[in-house]
Amino acid sequence: MRARLFATLIATLFAASAAHAELKIDITKGNVAPMPIAVTMLTGTGAGDATGANISGVIAADLERSGLFKPISSQAFIEQITNGDAVPKYTDWRQINATALMTGTITPVGADKVRISFRLWDTAGETQIAGKEYNTYARNWRRVSHLMADEIYKRLTGEQGYFDTRIVYVAESGPAKKRTKRLAIMDQDGANLKYLTEGGGLVLTPRFSPNTQSILYMSYAAGQPRVFLRDLQTGREESLGKFNGMSFAPRFNHDGSRMLMSIASGGVTSIYEMDLRSRSMKRLTQSGGAIDTSPSYAPDGHAIVFNSDRGGSQQLYTMDSGGGNVQRISFGSGQYSTPVWSPRGDLIAFTKQSGGKFYIGVMKP
C-alpha cells in the first residue's frame with residue numbers, strides 16, 4: 001500500500017555488490033534478537049524541517065518500532081560521519097557492535113526542493129549493500145524518511161517494509177454519554193493526523209483500498225446503515241447501493257476491483273460481492289436464518305474467510321471465492337469475529353470474546 005503524495009521521486013540503486021551480501025534477518029523464527037544498526041545523521045544542509053537529524057530520527061524510530069532492529073545511540077559512535085557518501089571506517093563500527101550502518105546526505109537543489117540519499121553498509125563484510133537517491137520537495141522529507149526505512153527493512157529482512165503506510169480509523173471524542181465518531185487518517189507513526197468526516201453520523205469499519213487512495217466504510221449519515229466509498233484525494237464519496245436492510249462490514253479484494261459486504265434483510269444476514277466497475281452484485285452465502293459477516297479475501301483472491309452463527313455459535317469459516325466449499329475452521333468456545341487474512345496468506349487473525357474477556361489470536365487457514 002503506497003500513496004503518491006509528491007510530484008517527483010527518482011530512485012537509483014548504488015551498489016552492484018548488494019546481490020552478493022549475506023547480511024539478513026530471518027523474521028520467520030519465533031524469537032528474533034534485534035539487529036544492532038547505526039543510523040547516522042545525514043550530512044549536508046536541508047530546507048526547513050528537512051534536516052539530516054530529523055530524517056535520521058524518523059528512520060531510526062521506524063526501525064526500532066518494528067522490533068527487529070536496535071538503533072545504537074549516537075553517543076557511542078567512534079567515527080563521526082562528515083560525508084554520507086564516503087566509505088566508512090568499518091572497524092570503528094564493528095567495535096560498537098553495529099551489524100549494519102546507514103549513512104546519507106541531504107542537499108538543496110532549488111528554492112523548495114532537496115536531494116536525499118542514503119547508503120546501507122554491511123560492517124562485517126565491508127560492503128555497501130543498498131542505496132537510493134530521492135529528488136523531491138523539502139516538505140516531503142518525512143515520507144522520504146519512511147521510504148528509506150522501507151528500503152533498509154526490505155534489504156535486511158527480505159520482506160516488504162510498511163513504514164510508508166497510513167492508518168485509517170474511527171476517532172471518538174466528547175462526553176462519555178454523547179461520543180462523536182469521526183473517520184481519521186494518519187501516518188503509521190502517528191504523524192499527519194487528519195479528520196475525514198465531521199461527526200454528523202456514526203461511522204464504522206473503515207478499510208483501505210490496495211492503492212490506499214480510497215476507503216470503504218459503514219455510515220449512518222443517511223439514516224440507514226450503508227456502505228460508502230470515499231476517494232481520499234478528492235473527498236468525494238458515494239453510497240454503494242440502497243438495499244431493504246442495512247449493509248456493513250465492507251472489504252476490498254487484492255486489486256480493488258471488487259469488494260465484499262454483508263447485507264441484513266428479513267432476519268437473514270448474507271455476504272455479497274460487488275464488482276466496483278459495473279456495480280453488479282452476487283450473493284455468496286445461502287445459510288437460512290444465520291448471520292454471515294466480516295468477510296475477508298485471501299491475498300490471491302482464491303478464498304474468503306468470514307464469521308457465522310450457522311452452527312449455533314459464532315465461529316470462523318472459509319469458502320471459495322464463488323461461495324462454495326464452505327469449511328468451519330474454528331472450534332473453540334466463545335464468539336469468534338473480525339477475521340482477516342495475513343498478507344502472505346499463511347495465517348488468519350481474529351478477535352474472540354469468551355468469559356467476558358476479549359482476545360486477539362491467529363490461526364492457520
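The values are calculated or read from the model by the stated rules, or taken from the named source; none is laboratory data. On a predicted model such as this, the values are computed, not experimentally measured, just so you know. Positions of Cβ are backbone-derived with ideal geometry, glycine not excepted, and every protein chain shown enters the neighbour counts. Note: areas computed on protein heavy atoms with side chains; ligands, DNA, RNA excluded. Shrake-Rupley method; radii C 1.70, N 1.55, O 1.52, S 1.80 Å.
Each row is one residue, and each column tells you yes or no for (1) without any contact (Cβ under 8 Å) to a residue 24 or more places away in the chain; (2) exposed (fewer than 12 other Cβ atoms within 10 Å of the Cβ); (3) not in a strand (DSSP E or B).
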residue: Gly323; (1), (2), (3): no, no, yes
residue: Ser330; (1), (2), (3): no, no, yes
residue: Ser333; (1), (2), (3): yes, yes, yes
residue: Thr338; (1), (2), (3): no, no, no
residue: Gly345; (1), (2), (3): no, no, yes
residue: Phe350; (1), (2), (3): no, no, no
residue: Gln353; (1), (2), (3): yes, no, no
residue: Gly361; (1), (2), (3): yes, no, no
residue: Pro365; (1), (2), (3): no, no, yes
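When Ala221 is tested against (1) open to solvent by 30 Å² or more (accessible area, probe 1.4 Å); (2) closer than 23 Å to Asp292 by Cβ, exactly one condition is not met: (2). If I go through segment 240-266 residue by residue, how many of them are modelled with pLDDT of 90 or more and of a type in the set (S, T, N, Q)? Qualifying residue count, segment 240-266: 4.
If you go through segment 132-175 and keep only what is of a type outside the set (A, V, I, L, M, F, W, C), over 22 Å from Ala191 (Cβ atoms) and under 23 Å from the mean Cα position of the chain (by Cα), you end up with Arg155, Thr157, Gly158, Glu159. Selection over segment 115-168 of residues that are in contact with an Asp or Glu (Cβ under 8 Å, 6 or more places away or on another chain), farther than 25 Å from Asn211 by Cα and aromatic (Phe, Trp, Tyr) gives a count of 1.
Matching residues to (1) within 30 Å of Gly345 (Cα to Cα); (2) out of contact with any strand residue (DSSP E or B) (no Cβ under 9 Å at 6 or more places or on another chain):
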| site | (1), (2) |
| --- | --- |
| Leu156 | yes, no |
| Gly161 | yes, yes |
| Leu193 | no, no |
| Gly201 | no, no |
| Arg207 | yes, no |
| Leu216 | yes, no |
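Within segment 44-61, the residues that satisfy the criterion of being open to solvent by less than 50 Å² (accessible area, probe 1.4 Å) and among the small types (Gly, Ala, Ser) are Gly46, Ala47, Ala50, Gly52, Ser56, Gly57, Ala60, Ala61. Picking from Ala124, Ala76, Ala86, Ala111, which residue would you name as being modelled with pLDDT under 95, more than 29 Å from the chain's Cα centre (by Cα) and not acidic (Asp, Glu)? From the options Ala124, Ala76, Ala86, Ala111, the qualifying one is Ala111.
Figure legend. Inter-residue proximity from segment 247-276: first residues within 17 Å of Gly323 (Cβ to Cβ), second residues open to solvent by 10 Å² or more (accessible area, probe 1.4 Å) and acidic (Asp, Glu), beta-carbon distance below 8 Å, spacing 6+ or different chains. Indicated pairs: Arg258/Glu273; Arg258/Asp275; Met259/Glu273; Leu260/Glu273. Taken together, Gly84, Gly110, Gly104, Gly131 contain a single residue that is part of a loop (DSSP other than H, G, I, E, B) and within 19 Å of Val58 (Cα to Cα), which is Gly84.
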